[in-house]
1. Pick from the range 7-56 the residues that are within 19 Å of residue 70 (Cβ to Cβ) and among the acidic types (Asp, Glu): which of them is surrounded by the fewest Cβ atoms within 10 Å (Cβ to Cβ)?
2. If we scan the range 39-51, do we find a residue that is polar (S, T, N, Q), in contact with a strand residue (DSSP E or B) (Cβ under 9 Å, 6 or more places away or on another chain) and part of a loop (DSSP other than H, G, I, E, B)?
3. Residue check, residue 12 against (1) farther than 30 Å from residue 79 by Cβ; (2) β-branched (Val, Ile, Thr); (3) in contact with a Leu (Cβ under 7 Å, 6 or more places away or on another chain), all met but one. Which one?
4. Residues to consider are 7, 14; find the one that is in contact (Cβ under 8 Å) with a residue 12 or more places away in the chain and not in a loop (DSSP other than H, G, I, E, B).
5. State whether the residues of the range 24-36 include one that is free of Cβ contacts under 8 Å to residues at least 12 places away in the same chain and on the phi < 0 side of the Ramachandran plot.
6. Any residue at all in the range 57-69 that's in contact with a strand residue (DSSP E or B) (Cβ under 8 Å, 6 or more places away or on another chain), of a type outside the set (D, E, K, R), surrounded by 12 or more Cβ atoms within 10 Å (Cβ to Cβ) and over 26 Å from residue 8 (Cα atoms)?
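Bear in mind that the values in this text are calculations on the coordinates, not laboratory data. These numbers were taken from a predicted model, which means no experiment stands behind them. Quick reminder, even Gly has a Cβ in these numbers, built from the backbone with ideal geometry, and neighbours come from all protein chains shown.
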Amino acid sequence: MGDEFKGYIFKITGGYDGDGFAMKQGIFTNSRLKLLLAPGASGYRAKRTGERKRKSVRGCIVGPDIKNLSVTIVKKGDK
């Protein structure tokens with residue numbers, strides 16, 4: 001991040017790659033893959049009861065192709 005954030009601890013809460021595909025928790029890869037998502041899964045809202053859909057998502061590992069990274073502060077540093 002930089003020297004002004006020395007001592008801070010951050011928690012990664014999500015992000016997007018250059019093409020707009022969202023990162024998904026629990027997918028341990030730094031590439032994109034297609035998952036069959038059911039109602040109640042994050043990143044998918046079903047239109048009808050029981051509907052499932054195969055969607056492309058990113059893994060939760062941060063790589064060089066991540067363009068937007070969402071973080072929260074867990075612990076503040078000295079400054």
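1. Out of the qualifying residues, it is 19.
2. yes
3. Answer for residue 12: the failing condition is (1).
4. Within the list 7, 14, the selection yields 14.
5. Checked against the condition, which is being free of Cβ contacts under 8 Å to residues at least 12 places away in the same chain and on the phi < 0 side of the Ramachandran plot, the range 24-36 yields no hits at all.
6. yes
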